[in-house]
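Heads up, the thing below is written out as structure tokens.
Any read-out appearing in this document is the output of simple, stated calculations on the displayed coordinates, not a laboratory observation. From a predicted model like this one, the values you see are computed outputs, not experimental measurements. In this analysis, Cβ positions are derived from the backbone assuming ideal geometry, glycine residues included, and neighbour counts consider all displayed protein chains.
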Amino acid sequence: MNDIGEFTLLLALATALYGCVAYVMSARGNRIDLYLSADKTPFIVWVCVTISSICLWRAFLTDDFSLQYVWAYSNIELDTFYKVSSFWGGQKGSLLFWALLLSTYMLVVCFQNRKKNLRVVPYAMAVMLVVLIFFLFLINFSTNPFERIPLPPEDGRGLNPLLQNYWMVIHPPTLYLGYVGFTVPFAFAVAALISKDLDDGWIRMTRKWTLISWFFLCMGNLFGASWAYVELGWGGYWAWDPVENAAFMPLLIATAYLHSVMIQEKKDMMKVWNMSLILLTFVMTLFGTFITRSGLIQSVHTFDEATLGYYFLAFLFVIIAACIGLILVRLPLLKSANELDSFLSRESSFLFNNLVLLGIAFATFWGTIFPIISEAVRGVKITVGPPFYNQVNVPIGLALLALIGIGPVIAWRRATFSNLKKNFLKPVLAGIIAAVALFPVIPLGSRTEIYTYVTFVLCVFVLTSILTEFYKGMVSRMGLHDESAVGALATVTWRNKRRYGGYIVHIGVVLIFAGIAGSQAYGTHTEKHLKIGESFEIRGYTITYEKLVAVEATNIKTRIIAQLAVERDGKRYWTGHPEKEFYKGQNQPVSEVDVLSTWKEDLYMILADFREDESATIKVYVNPMVSWMWTGGWIIAFGSMVSMWPDRLEQRRRLDRIRKQEQLFPSPAQE
Amino acid sequence: MQTSKVLMGLFVLVWISMGQVSVVSAGAVLQDLENALMCKCDDKCGKVLINCTCATSDKTRAKFSKMLDSGLTIEQIIKMQVDEYGETVLSAPTKFGFNLTAWVTPFVALIAGGFGVRKVLLAWVGKKDGGESIEVSEPEISEKYSKRLKDELDGIEL
């Protein structure tokens, strides 16, 4: 089977190479025979990569330690669940997984666009194949997951205990689906540049793909935060690690693109800008991959055998040079009649939203690469950690939050004073009321507390602005049709999925802002060394250490579990079981925290240490409003689903608009 | 006038972002120290001390706790750590010399971008205004039709 896996990888590479050349030649020479031949290659490549992936999965599930990769990331005792996820636990498998996802995406794009738009699609397929060829080249010739061990050992080294968590099965695939997904809009953008087909066709063809990729990237980031929160045991969820930054940056740039592209769709403006944004998004996804695989920047996420830095750096440079070159060559064709009715309009607010989003992305990028710059300039390596990002990004983030509230209530084209007064009155009033009401309640002793106060006030302003939009839509619908309030709200959302789905996403973002602010400013923690029966208090909770239990979970895993009784107002409220897990052959034990999560706050318990006399060091955090973030994430997911849902009305409206345009500007043939 | 306002804004932003130094330095508590320093364990975990859960971090915390109890200030302990491990032990760049560029550049870029966006917007609005040489008088539309028009415009893919 391993030979089959290895052979199909080579076959995939050869087929992809042929497909790429054939697609380009078919487009350049208008050769339909070549196109039809090339159009078979995505399916063949997908079959080959899938077979190869199945072979690797089989090796994991059958404990085939003759493969170096399986030996390094699995062992006989590992749960089947984690044997499946070990596939992407290391560099070699993660590259194969990337190739599998990309070939699957490519196959769907191929079926979706078969015999459509033959000016753009062949080039788009060729670009996707170029990216796939790069990955297949690495897998075949540099980090082959089917590399053998001459004398196979009886058991494997095992998966890193930190990766033995259910999020391991969810987080990396979600993030990869986002990363890889941006290859599709990137490929179509490059194809549009090559084919000179630079109207908004490529945007329409890839709008859903962009949304899907954005959705997965967003969820991937949130799942990663959730994983860090429950697994790393430090009471936090985001550490501004270079690899976290690398996943955050494309998300920001893609968000900017999703907003500014609306202006191009509505007014045929900002073609160069939108093109640059989507190309930059893809470049940043590659940058993230480069960081994890180069070992150049220190990160907790870096793979053990991070040796592919030069390959990725070279590929990154080629892609950047090609993108810049293409944009420069096509600049005359990308020029559009950029006109605005007024400085005060939604279009302007979108531009400022782009500025702020890119500002955060740049600050994050700058912080990520500054250690390299410092080493190059001063010869001194420094660290850029959370204090830097928090101080720089928080004020910019607050500006972004304000813009989320301003955008929806400012009119398209031109906002007049009366229009502004009418639309802003309620949100501003709500903001003022919140500011006055919160002032005596919220401490303002430190800069963090002041930021938190501002965040809460802005959250109220933004929420009111969004809910007002829903209310206006609902009332308008009820005025025209005899519908109930709930019915009207549902109909107005359903008939304008893209708009109201976007608003729902914004509500989720507001909750995330509130959750971050609350947990950062008002959290507290304490650490106590206790004997059995001893208690301590934290924020109104009385925590009593009841017992310590050792459990031989498997042949390689021992669990040491502390039992902690939590009392509130004299009554038993909850029983916590934080634990430490010891894995055979691993130096460091792993903390498994226990969390009591409520809407108000999380009670987060860690068994930090224990001794033979059964005394234990217990660390307890009270983290307010953390669940607001996760709720915000699910609301974002729901809003994204609404936005992505196929909309026949929207298609009909677009067709009507195109027909009207054709009537206004008949083509020469019609004349 | 506009430039001076923007410069004032830049000054306020930088001032706010730099204010943290005094806040951190003022609170002589272990948590501030843990926030200011990286964990220097053998595994090179790359975590800020406050976020690290490894055995080395526990030992370091205990050591710092004793040092604070002995009367050493945060600044003194940080200096000792920098002397031992170099600047890489700090969780954020210092705010002087070349490292200052780390703090200032994002804001400078943002302000420059703001100027750029403003210039672009003014140019686009100017183009439109320049093109509208013929004034078209707006017909009077009743409130009912105006509302209906707005509703329908709202209905068009936004």
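Distance from a point 7 Å along Cα→Cβ of B:Leu72 to each backbone N in the stretch B:82-100: keep the residues under 12 Å and list them by number.
Once the point is set 7 Å along Cα→Cβ of B:Leu72, B:82-85 turn out to lie under 12 Å by backbone N, inside the stretch B:82-100.
Evaluate peptide B:114-122: per residue, the Cβ atoms of other protein chains within 10 Å of its Cβ; return the mean as an integer.
On the way: counts 4, 0, 2, 5, 5, 0, 6, 10, 2.
The per-residue average across the peptide is 4.
Charges on Cβ only, +1 for Lys and Arg, -1 for Asp and Glu, centred on the Cα centroid of the protein assembly as shown; of A:Thr364, A:Phe317, A:Gly29, which one is farthest towards the dipole's positive end?
A:Gly29
With +1 on each Lys and Arg Cβ and -1 on each Asp and Glu Cβ, and nothing else charged, work out how big the dipole of the protein assembly as shown is about its Cα centre, in Debye to the nearest 20.
For the protein assembly as shown, the charge dipole is close to 2620 debye.
Picking from A:Val70, A:Ala126, A:Asn419, whose Cα lies most toward the positive end of the charge dipole for the protein assembly as shown (charges on Cβ: Lys, Arg +1; Asp, Glu -1)?
Of the candidates, A:Asn419 comes out farthest on the positive side.
Counting other C-beta atoms within 10 Å, which of A:Ser213, A:Ser345, A:Ser640, A:Ser484 has the fewest, and how do the rest follow?
A:Ser484, A:Ser345, A:Ser640, A:Ser213
Taking the Cβ of each residue in B:Lys59, A:Lys472 as the centre, tally the other Cβ atoms inside 10 Å and list the residues starting with the fewest. Display every interim value, and only then the final one.
Values: B:Lys59 11, A:Lys472 16.
Placing the least packed residue first, the sequence is B:Lys59, A:Lys472.
Considering only Cα-Cα distances, which of the following residue pairs are longer than 25 Å: A:Lys571/B:Lys59; A:Lys619/B:Lys40; A:Lys528/A:Lys571; A:Lys531/B:Lys63; A:Lys335/B:Lys119? Don't jump to the answer; show the numbers that get you there.
Details: A:Lys571/B:Lys59 36 Å; A:Lys619/B:Lys40 21 Å; A:Lys528/A:Lys571 22 Å; A:Lys531/B:Lys63 23 Å; A:Lys335/B:Lys119 17 Å.
From A:Lys571/B:Lys59; A:Lys619/B:Lys40; A:Lys528/A:Lys571; A:Lys531/B:Lys63; A:Lys335/B:Lys119, over 25 Å: A:Lys571/B:Lys59.
Can you compute the helix-only [θ] at 222 nm over chain A? Use -39500 (n - 2.57) per DSSP H run of at least 4 residues, normalise by all residues, nearest 500 deg cm²/dmol.
Details: 22 runs with 432 residues, N = 671.
Result for chain A: -22000 deg cm²/dmol, rounded to the nearest 500.
Rank A:Cys55, A:Thr41, A:Thr143 by how far each Cα sits towards the positive end of the charge dipole of the stretch A:1-159 (+1 on Lys, Arg Cβ; -1 on Asp, Glu Cβ) and give me just the farthest.
A:Thr41
To make sure I understand, if each residue's beta carbon is the centre and we count other beta carbons within 10 Å, what order do A:Trp234, A:Trp167 fall in, fewest to most? Spell out each step's value before the answer.
Values: A:Trp234 23, A:Trp167 19.
Ranking A:Trp234, A:Trp167 by Cβ neighbours within 10 Å, fewest first, gives A:Trp167, A:Trp234.
I need the semi-axes of the equivalent ellipsoid of the stretch A:341-499: take the C-alpha gyration tensor, multiply each eigenvalue by 5, square-root it, list largest first in whole angstrom.
38, 21, 15
Pull up all non-local amide H partners of A:Glu546: gap of 5 or more, or a different chain, and H-to-H distance under 5 Å with H placed in the peptide plane.
Under 5 Å from the amide H of A:Glu546 lie the amide H atoms of A:Gly533, A:Gln563, A:Leu564, A:Ala565, each far enough along the sequence or on another chain.
According to the square roots a ≥ b ≥ c of the eigenvalues of the Cα gyration tensor, what is the shape class of the stretch A:276-426, taking rounded for a/c under 1.5, prolate for a/b larger than b/c otherwise, and oblate for the remainder?
It is oblate, given that a/c is not under 1.5 and a/b is not larger than b/c.
Given that compact globular proteins tend to follow 2.2 N^0.38 Å, what is the ratio of the alpha-carbon Rg of chain A to that value? Don't jump to the answer; show the numbers that get you there.
On the way: Rg = 27.3 Å, N = 671, 2.2 N^0.38 = 26.1 Å.
Normalised by 2.2 N^0.38 Å, the Cα Rg of chain A equals 1.05.
Among the lysines, which have Cα under 30 Å from the Cα of A:Lys40 when same-chain residues fewer than 8 positions away are ignored?
A:Lys92, A:Lys115, A:Lys116, A:Lys196, A:Lys208
DSSP H helices in chain A with Cα extent of 18 Å or more along the helix axis and mean Kyte-Doolittle hydropathy at least 1.6?
Qualifying helices: A:41-61, A:121-141, A:309-329.
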